[in-house]
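Each value in this text was obtained by applying a stated rule to the coordinates, not by laboratory testing. The structure presented is a predicted model; accordingly, all values stated were derived computationally and were not measured. As a convention, Cβ positions derive from the backbone with ideal geometry for all residues, glycine included, and neighbour counts pool all protein chains shown.
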Amino acid sequence: MSTLIARHWAHPQAIPRGFLRVYILATLSRGPATGYEIMQGIEERTEGAWRPGPGTIYPLLKSLVKERLVSASQKQSKTSRVAYAITQAGRGELAAMRADMASFGRKERVIMRLASDLVPSRMLVPILLNRARDSSEFMRSKIAELPNPERTAALRELGTITENQWDWVRSQLGPQRTFRTRRKPVPRLRTESSP
């Protein structure tokens with residue numbers, strides 16, 4: 001039984017259905033899509049780690065249509081696919097969901113603290129290092145989307161965090177120790193004044 005529970009928690013399909021609801025509305029806010037395109041987009045975005053199946057996507061889309069948050073196009077023929085589009089009510093719901101997600105960061109930190117008590121350091125540290133690499137990529141793209149002065153403030157905060165991390169790493173390695181870096185060129189963020 002414990003193996004079954006462990007597999008359930010580790011399995012990417014354990015992502016809450018409420019999250020998928022928000023993700024579908026956000027996807028449709030960028031333009032109409034078929035259920036298949038939504039599934040394929042999630043699979044591509046997660047690099048194959050998660051692909052909700054038709055038994056998850058289509059009932060959820062049907063529910064969103066019933067709630068009038070999404071509209072479905074009429075099929076032109078038996079072989080044509082139904083395209084879904086977000087409605088005004090759906091845009092309002094998405095805005096409310098995004099506002100609710102503002103507390104997500106705090107909840108995530110709490111869950112990570114609890115998870116750190118469950119997983120031995122030898123297993124958790126590699127996970128956290130990979131997460132830091134992934135987070136860095138996402139953060140750069142999201143900071144680049146910010147308008148100034150929010151972008152400048154975010155970059156200053158990131159600089160402070162990074163400097164504090166470097167100070168800690170150096171203190172742990174000691175003054176006599178050196179370490180190799182695997183630096184990759186970091187794309188320069190474009191500002192309004194740069195070409």
Inset, instruction - Give me the number: length gained by fully extending MET139 to SER71, i.e. 0.36 nm times residue separation minus the C-alpha to C-alpha distance, one decimal in nm. - result: 21.2 nm
Legend entry - Difference of contour (0.36 nm per residue) and Cα-Cα distance, MET101 to THR160: 18.7 nm
Legend entry - Per-residue HN-Hα couplings for the stretch 30-35 [Karplus 6.51, -1.76, 1.60; θ = phi - 60°; Hz; x = Gly/Pro]: 8, x, x, 7, 8, x
Inset, instruction - Under 11 Å from the Cβ of ALA154, count the other residues' Cβ atoms, weight Lys and Arg +1, Asp and Glu -1, and hand me the total. - result: +1
Inset, instruction - Could you check the simple spin-label distance between ALA153 and VAL125, using points 7 Å along Cα→Cβ, in nm with one decimal? - result: 3.6
Inset, instruction - State the number of lysine pairs found in the stretch 21-143 whose Cα atoms come within less than 27 Å, restricting to pairs 8 or more positions apart or on distinct chains. - result: 5
Inset, instruction - Give the peptides 87-100, 161-174 in descending order of average Cβ contacts within 10 Å, highest first. - result: 87-100, 161-174
Inset, instruction - Just check the stretch 123-173 against the gyration tensor rule for me: Cα atoms, a ≥ b ≥ c as the square roots of the eigenvalues, rounded for a/c under 1.5, and otherwise prolate or oblate depending on whether a/b exceeds b/c. - result: oblate
